[in-house]
1. Give region 143-164 a look and list any residue that's at pLDDT 95 or above and assigned to a loop (DSSP other than H, G, I, E, B), or say none.
2. Just a yes or no: is a residue in region 179-186 closer than 22 Å to residue 81 by Cβ and modelled with pLDDT of 95 or more?
3. Give the residue that is surrounded by the fewest Cβ atoms within 10 Å (Cβ to Cβ), with candidates limited to residues of region 201-237 that are at pLDDT 75 or above and in a strand (DSSP E or B).
4. Hey, among 149, 164, 156, 141, which residue is under 15 Å from residue 218 (Cβ atoms), under 17 Å from the mean Cα position of the chain (by Cα) and small (Gly, Ala, Ser)?
5. List the residue pairs whose Cβ atoms are under 7 Å apart, where the first residue sits in region 30-53 and is on the phi > 0 side of the Ramachandran plot, the second is in a helix (DSSP H, G or I), and the two are 6 or more positions apart or on different chains.
6. Tally time: how many residues in region 99-111 are free of Cβ contacts under 8 Å to residues at least 12 places away in the same chain and among the hydrophobic types (A, V, I, L, M, F, W, C)?
7. Out of the residues in region 181-192 that are without any contact (Cβ under 8 Å) to a residue 60 or more places away in the chain and part of a loop (DSSP other than H, G, I, E, B), which is surrounded by the fewest Cβ atoms within 10 Å (Cβ to Cβ)?
8. Filter region 112-127 for residues that are farther than 17 Å from residue 145 by Cα and either under 16 Å from the mean Cα position of the chain (by Cα) or in contact (Cβ under 8 Å) with a residue 60 or more places away in the chain (or both) and give the result.
Amino acid sequence: MVVYWRPGRQSGLRRLYASLVSEGDLVFDVGAHLGDRSAAFAALGARVIALEPQPRIARWLRRIVGRNERITLRTEAVGAAIGTARLAISRRTPTMSTLSASWRELHDVRWEDSIEVPVVTLDALIETYGKPSFCKIDVEGYEAEVLAGLSHPVPGLSVEFVAGHLDGASACINRICELGAYRFNVVLGEGRDFVFETWESGEKVLAWLAVGAGGVTSGDIYARLDPVVPAVEGGRGEAEQGGTPDG
């Protein structure tokens, strides 16, 4: 609560997302945790579908944002295919619950419990609610699997990355580039400012990751469809001549 709901955080989140989310937009918050970003999206006028499969966190999420009429809460995980999966849970650090086996090996965390959780795909969510304007994905090392369940380019996305698991972030960028003609930017840690002055190609951000992402421990990679290059539904757009949009 201290980290995610400290004074001033909501205004900073609204400032960050104001260029990506507008009044009336649909947003998917995949890995909603304690709802701070869902609340920011809703405050910008968006309709939010917030997904959080960890029961202990989901109960707090319901208490914090459950009365917000703009936010719909769901307790599924999101993955590559509809079904079920095993969610590993740390009692001491419950916000690090994960479906990723490699993530569990990476972090010095005690995973005392695990539960079977239902899994839905982004494609299935789109069939139910429509295509989102923005999809935030923060699922502790399972981001690439979430994107594997998406076959439609959406206007904006973000995925978390962490040191020691940068190959997963690279896989996310490659998958996003398969979906459409995207430009990328990065926010470090819990910051509110983009690293690059302009939105860059996937190749540039892949190169940045390959040399260690500036030595940071974590952050989020943002992607948005390039307005200069028409996206091709289900495939990568053809590049056209033109400058990159400002960040």
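1. Answer for region 143-164, where residues must be at pLDDT 95 or above and assigned to a loop (DSSP other than H, G, I, E, B): 149, 150, 151, 153, 154, 155.
2. To start, the set of residues in region 179-186 that are closer than 22 Å to residue 81 by Cβ comprises 179-180.
When the remaining residues are screened for being modelled with pLDDT of 95 or more, the result is 179-180.
Checked against the condition, which is being closer than 22 Å to residue 81 by Cβ and modelled with pLDDT of 95 or more, region 179-186 yields at least one hit.
3. Within region 201-237, the first condition is being at pLDDT 75 or above, and the residues that meet it are 201-226.
Still in the running and in a strand (DSSP E or B): 218-225.
Values: 218: 14, 219: 21, 220: 21, 221: 26, 222: 27, 223: 26, 224: 21, 225: 20.
Applying the filter and picking the extreme gives 218.
4. Details: 149 fails: under 15 Å from residue 218 (Cβ atoms); 164 fails: under 17 Å from the mean Cα position of the chain (by Cα); 156 fails: under 15 Å from residue 218 (Cβ atoms).
Residue meeting the stated conditions: 141.
5. 33/57; 33/95; 35/61; 35/64; 35/65
6. Total meeting the criteria: 1.
7. If we filter region 181-192 for residues that are without any contact (Cβ under 8 Å) to a residue 60 or more places away in the chain, which is where we start, we get 181-182, 184, 186, 188-189, 191.
From what is left, the residues that are part of a loop (DSSP other than H, G, I, E, B) are 181, 189, 191.
Details: 181: 22, 189: 10, 191: 14.
Restricting to residues being without any contact (Cβ under 8 Å) to a residue 60 or more places away in the chain and part of a loop (DSSP other than H, G, I, E, B), the top hit is 189.
8. 115
The values are calculated or read from the model by the stated rules, or taken from the named source; none is laboratory data. Please read these numbers as outputs of a predicted model, since none were measured by experiment. Backbone-built Cβ (ideal geometry, glycine too); neighbour counts: all protein chains shown.
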